[in-house]
Amino acid sequence: MTELDRFEIKILREMQRDATQTTAQIAERVGLSVSPCWRRIDRLQREGFIRKQVAILDRRKVGLNAHVFAQVKLNAHGRANLDEFSAAIQGFPEVMDAYVLMGTTDFMLRIVTADIDAYERFFFDQLSKLPGVQEINSTVALSEIKSTTELPLQQTL
């Protein structure tokens, strides 16, 4: 891993909080002039520290009111095809996050849909029909207590 200096950590923190800031605004907040700040941001992008910049939407305001966590267990044959299952869920826009797990289940999926009826359709028409799926346990989130995209970067050097 490339070492990050204190300015780069500050830049990353600022960009995580609000990537719409101009380079001049970020430079002022981290204590650099614009040119060195721009060079650091450019390097952080080229080296993959900053993967992309996006707008984070409020899922409820765009009509995605159901938030479901699904634990998927594959059958013995299905486990040999983890890559096939992984590729299949890449094509489902409802699946926001997917993790391979160690333990009694193979995958944890975070899924958003318009409502529980839409999740039920997704469950029966798509997710449960994937090859190798043995069992799916779904848990509906009632409320969201914390949701962030900010990584906990070093607080002090």
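The values are calculated or read from the model by the stated rules, or taken from the named source; none is laboratory data. The shown structure was predicted, so the numbers you read here are calculated from the model rather than taken from an experiment. Ideal geometry is used to build each Cβ from the backbone, glycine not excepted, and the neighbour counts take in all protein chains shown. The accessibility values were calculated without ligands, DNA or RNA, using every heavy atom of the protein model including side chains. Shrake-Rupley method; radii C 1.70, N 1.55, O 1.52, S 1.80 Å.
Select the helices (runs of 4 or more DSSP H) contained entirely in the range 18-118, then report the ones holding at least 2 residues which are free of Cβ contacts under 8 Å to residues at least 12 places away in the same chain. Explain how you work it out, then say what you get.
Values: elements: 23-30, 34-46, 76-79, 82-90.
Ranges flagged: 23-30, 34-46, 82-90.
Considering only residues that are of a type in the set (Val, Ile, Thr) and open to solvent by 60 Å² or more (accessible area, probe 1.4 Å), which ones fall in the range 105-126?
Across the range 105-126, the qualifying residue is only ILE116.
Is at least one residue of the range 71-80 charged (D, E, K, R), closer than 27 Å to THR113 by Cα, surrounded by 11 or more Cβ atoms within 10 Å (Cβ to Cβ) and within 16 Å of the chain's Cα centre (by Cα)?
Taking every residue of the range 71-80 in turn, none turns out to be charged (D, E, K, R), closer than 27 Å to THR113 by Cα, surrounded by 11 or more Cβ atoms within 10 Å (Cβ to Cβ) and within 16 Å of the chain's Cα centre (by Cα).
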